[in-house]
Amino acid sequence: MALEYQRGSVFLEGTRRKMWVGKYRVWQRDPGTDTFVAKQRTKRIGPKSELTKFQAEERLRDMIAADNATAPAVPGDVAPKQLTLAWFVANRHLPMMTCRATTKKKTEYEIGRYLLPQFGDRLLKEIGLFELQTHLNTLAQNFSDSVARHAYVNLRSIFNNAVELDFIAKSPARRLAMPETKPSDTSVLPPATIMSLLQGTEDPMDRCLLAIGIFCALRTSEVFGLTWGNYWGEYVAVRNTAYEGHLQESKLKTRPSRALVPIPDLVQPIVEEWHRRCEDTSSDALMFPTIGKRSRKGQKVPFDSTNFMERRIHPVADRLGIPRRLVTFQVMRRTVATDLQFHGTPKDVQTVLRHASASTTLDIYQQSVAESVKGALNARTEAVFASVTPKGGKKMTSPRHTKTKRNP
């Protein structure tokens, strides 16, 4: 979230000689109550013949900073020495955010991890542009593009909010520049590595979960939010997500995320095997459940994705010599997108990843999936399976049995 800081407004006044005039808010002490109150102020900035609008706006910002230099902008119950960046983030910035809980928690983590160790104990009014820019430059040199870019956005948002709430007169981050960053990691899983990981995973539930992630390109939260009611035989219906072990019904990242995703023919037997072995395959039952603890002790709940990967998948990857950085759902989605360019059209890739943004998403029960999309996924899956010759010397091909569509 990024509220705009106070920059006032600039307009022209006069007929024969036009003058730039600025209007803004200023804090003044009320002698009757000995408190500060906000007042509107209008000031002439300069003639239009000598100043562009941009220059007039720059002068107005300096006027705002000068006139508000002694403004308190301090809650009555908070001592000035407590108005640190950490206090403002915890008591003003985060509570004002109106995004999803998952986004808010991620933002809170990023601020705590990359910004507060450097500036958390500093008073808001003492933090300057030089310090912010040099710290951002350091982040760009040592971390990924996403870390640096999120830090840039968070810094601007925090200080813009501080100005909007009259805690400071001028944002030190308004001229903050986004530095050059290291190239993003675009690693993908080679076909041989995919088959090695899939064949090395013996647990049928873990194997099924990996197969859906590797070949259907679902997001992490979408995989762990699947119920058996979402499994339709040839398709999986993405309806829910799971976050930190909690099911979020009908909550998805974007509207186009609610869709039918084809299950490639060679993957369907893997899902069916887990379906036969799973204790509870009722419509509302989770496809990949674990047993809850504490207040949810004994209940079947979604896995926490981090715990699942670290405890159940990473040991398999370590045993096979596969780098852990390659065994993530993000890498799996990227691999699907990369491979599909050799087996389908760009539109097929867009449909599989559900990145459409311009069209209105049809209701999931009415949505049809183009045969070309199924063909692209099947072609890509067969190419991956064909990279390994199983025992007996015969390569795996698509099963030629009658498929039964499972109704919700």
Would it be correct to say that LEU124 is surrounded by 14 or more Cβ atoms within 10 Å (Cβ to Cβ) and free of Cβ contacts under 8 Å to residues at least 60 places away in the same chain?
yes
Okay, strands (runs of 3 or more DSSP E) sitting entirely in the stretch 239-293 with 1 or more residues that are farther than 26 Å from LEU377 by Cα, I get 241-243, 246-248, 289-291
Any chance you could count how many residues in the stretch 92-112 are loosely packed, with under 13 Cβ neighbours inside 10 Å and either within 21 Å of MET178 (Cα to Cα) or modelled with pLDDT of 90 or more (or both)?
2
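Step by step: first the residues of the stretch 225-240, then only those that are hydroxyl-bearing (Ser, Thr, Tyr) and touching a Leu at 6+ places or on another chain (Cβ under 8 Å), then the one that is nearest to SER305 (Cα to Cα). Which residue is that?
THR227
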Does ILE168 fit the bill of being closer than 28 Å to LEU115 by Cβ, β-branched (Val, Ile, Thr) and more than 23 Å from the chain's Cα centre (by Cα)?
yes
Hey, ASN161 modelled with pLDDT under 95 and touching a His at 6+ places or on another chain (Cβ under 7 Å) or not
yes
Helices (runs of 4 or more DSSP H) contained in the stretch 110-228 and holding at least 1 residues among the β-branched types (Val, Ile, Thr)
129-142, 145-164, 191-200, 204-216, 220-224
Of the numbered conditions (1) more than 24 Å from SER221 (Cα to Cα); (2) in the same structural domain as ALA86 (by TED's automatic domain parsing), LYS182 fails exactly one; give the number of that condition.
(2)
Note: among ARG334, ARG325, ARG354, ARG312, just one is in contact (Cβ under 8 Å) with a residue 24 or more places away in the chain and touching a strand residue (DSSP E or B) at 6+ places or on another chain (Cβ under 8 Å), namely ARG354
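The values are calculated or read from the model by the stated rules, or taken from the named source; none is laboratory data. Quick caveat, the model's predicted, so the values are computed rather than measured. Glycine gets a Cβ as well: all are built from the backbone with ideal geometry, and neighbour counts include every protein chain shown.
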